[in-house]
Structure formats: structure tokens, C-alpha cells
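Working notes, beginning with the structure itself.
The values are calculated or read from the model by the stated rules, or taken from the named source; none is laboratory data. Just so it is clear, the model here is predicted, and its values are computed rather than measured. Methodologically, a virtual Cβ is constructed for each residue, glycine included, from the backbone with ideal geometry; neighbour enumeration extends over all protein chains shown. To get the accessible areas, we keep the full protein, side chains included, count just its heavy atoms, and leave off ligands, DNA and RNA. Shrake-Rupley method; radii C 1.70, N 1.55, O 1.52, S 1.80 Å.
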Amino acid sequence: MIHFAAKIERNDPCWCGSGKKYKNCHMRFDDKIKTFQLKGHITPDRSIIKTPEQIQGIKESAKVNMACLDAVAEKIRAGMSTEEIDRIVYETTVSMNAIPAPLHYEGFPKSVCTSINEEVCHGIPDEKHILKDGDIINVDCSTIYRGYFSDSSRMFMIGDVSEEKRKLVQVTKECVEIGLENVIPWTFLGDMGSKVHEHAVRNGYSVVREIGGHGCGIEFHEDPFVSYVSKPGEEMLMVPGMVFTIEPMVNMGTDDIYQDDKNGWTIYTRDGKPSAQWEIQVLVTETGHEVLCW
Ligand code: MF3
Ligand code: CO
């Protein structure tokens, strides 16, 4: 990444594109980041801090993203194949002049990820996968609109779902809400992630370690990696203008997972017990946070 930070003079135009002089715009902001850097913390590179124009673009993308999940929510039911969910997402996305981000992403063949019960994530929609009474399913939707990326996912409960699976879905949602409350500028991702982890563990669950959240907006997956098995005071400093996802995968049993060696994508729990996930995309603001899509 190119870093011009040291070269900007006080009276130069600010790097954010505001047109203001650097000294009247992001100079103090950069200096503050530097104080954390000097103490040995991981700090965000300028390239992952979004400008107001980029934030606007991501918000437009997020509208399409949420419209897709709303359309799925309206139609999802027992007897439907995950292929039909894929079609709903594809058609909604394209009708709004957007592009489904997963389609052809590193060879992913469909427009959305659909992960049922013990499937942790990256389930591939298929006409042979029919939703049945008692299933829980994560629908993970990612969108490109005018070059801007959005990413969110929701859980759906099909028909009569057992008490223990309902609780898993509920607690996982609470994990995301707790994470969100802890998106506070000038604190650390580890402060946030550890709170997410605590809530899952308190309820007898585990959180997947290898896969987590990520910066998102100009690209599908940007820095930082957002872990939920992190420790307070660790990981990257959160500063206004950062956009990332909170998307813990919470397992009813152990955190062990494995990848489908036939399709090369789907991740399952090793013990075969159910897993749940909700995903939001969040902007760090001057005073706290703003949810971009859920
Ligand atoms: N939406 C997933 C995420 O949250 C990414 C899925 S990649 C895909 O990062 F190719 F499987 F779509
Ligand atoms: Co994501």
C-alpha cells in the first residue's frame, strides 16, 4: 500500500478529498493515530479509512443488499430449495442494477451463500438442498453497486424449530448486537471481539476462529481481519471512517470445522452440531457507529 502520510504539509490539501487544508482537516486525526502506533498498537492504514463520498457509495450498495435479504425473508419456507434463494438474490440484485459479489468470486458458482444447520458458512445453493421443517439457515448476501461492496447475512428459522436451535440463533444475534455496542472509536477491535466471544461462551457455545469479519467497501474483503477470539487492547485500533463486518460464526458444540473437499467451499462443524451466524456491516463514526446493512 502506498503511504504518503509523511509527505503532506500542513497547508497541503487533505488526503481525504475534502478540499480543506490538511491542518484544518485530518492532521490531528493522523497525529492521534500516530500516538497509538508509537505505543506499539496496530493502526489502520489510510487506504482503509473511507471518505464521505465512499461511505455514501457503500450505503447505496447496502440498500440493494438489504433489499435482497428482505426479498428472501418474504418467500423463504419449508419445501423451497436453496437454488430458489439464489434466484431471488440474483434477480433482486440485477433488477437494481447491481452485481452479486459472490458470483464467480474465486470460482464460487452462485450469487449467495446458503448454510443450513451444521453448515457453518459458504454453503452453495443447489436445487437438491430442500429446506425442511426445523432447519435453521444462514443466507449471506454480498453486493457490488457502482463499484462499492456491501455484505450482510441473516438467519432464518424454518417452521417448527427446536428450543435449543432457537436459542443458538438468538444468542448469536445478541453476540452481534454486543459487538456493535462495542464499536467505539479509539478503542480496539480486540475490545469488541472479546465481548462477542464472552457472550457466546457464557451461553455454552464456541466461536469459529479461522474465519471472521473483514473490512469491506472498496473491495469485498479488506483489512482488517475481525476476530472474535481476540483480547481486549489487542488487534487494530478503530477510527472514524473504518467500515467492517461483524459476523461471528457461533457453534453449539466445539469450534472445530472442516471444509468440503468435493465442492471446495462449504464449511461444516466437525461434531455435526448446528452453527449460526448473523453479519452486519458497520461504519465507525466520531461518536460510535452506524449500521450500514443488516
Ligand atoms: N459473504 C462472505 C463473507 O462474509 C463471503 C463469501 S465468499 C463467497 O465474507 F464466495 F463464498 F461468496
Ligand atoms: Co463478510
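Things to note:
- Taking the listed residues Thr285, Thr269, Thr245, Thr254, the one that is within 23 Å of Asp126 (Cβ to Cβ) and polar (S, T, N, Q) is Thr269, with no other qualifying.
- Scanning the stretch 233-260 for residues that are within 16 Å of ligand 1 (Cβ to nearest atom) and either assigned to a loop (DSSP other than H, G, I, E, B) or among the aliphatic types (A, V, I, L, M) (or both) yields Val243, Ile246, Glu247, Pro248, Met249, Val250, Ile257, Asp260.
- Restricting the first member to the stretch 73-90 and to residues that are within 19 Å of Pro109 (Cβ to Cβ), and the second to residues that are open to solvent by 60 Å² or more (accessible area, probe 1.4 Å) and basic (Lys, Arg), the beta-carbon pairs closer than 7 Å and six or more apart or on different chains are Ile88/Lys75.
- Inspection of the stretch 145-152 identifies no residue that is within 12 Å of ligand 1 (Cβ to nearest atom), in a loop (DSSP other than H, G, I, E, B) and either touching a strand residue (DSSP E or B) at 6+ places or on another chain (Cβ under 8 Å) or open to solvent by less than 10 Å² (accessible area, probe 1.4 Å) (or both).
- Answer from Cys216, Cys175 - the residue that is in contact (Cβ under 8 Å) with a residue 24 or more places away in the chain and within 14 Å of ligand 2 (Cβ to nearest atom): Cys216
- Scope the stretch 181-193; condition touching a Phe, Trp or Tyr at 6+ places or on another chain (Cβ under 9 Å) and surrounded by fewer than 21 Cβ atoms within 10 Å (Cβ to Cβ); matching residues: Trp186
- Selection count where residues are within 16 Å of ligand 1 (Cβ to nearest atom) and either of a type outside the set (Lys, Arg) or in contact with a Cys (Cβ under 9 Å, 6 or more places away or on another chain) (or both), scope the stretch 190-232: 23
- All conditions in (1) among the aliphatic types (A, V, I, L, M); (2) in contact (Cβ under 8 Å) with a residue 60 or more places away in the chain; (3) assigned to a helix (DSSP H, G or I); (4) in contact with a Ser or Thr (Cβ under 6 Å, 6 or more places away or on another chain) hold for Val120, with the sole exception of (3).
- Subset of the stretch 57-104 that is farther than 19 Å from Cys216 by Cβ, part of a helix (DSSP H, G or I) and among the small types (Gly, Ala, Ser) - its residue that is most open to solvent (accessible area, probe 1.4 Å): Ser95
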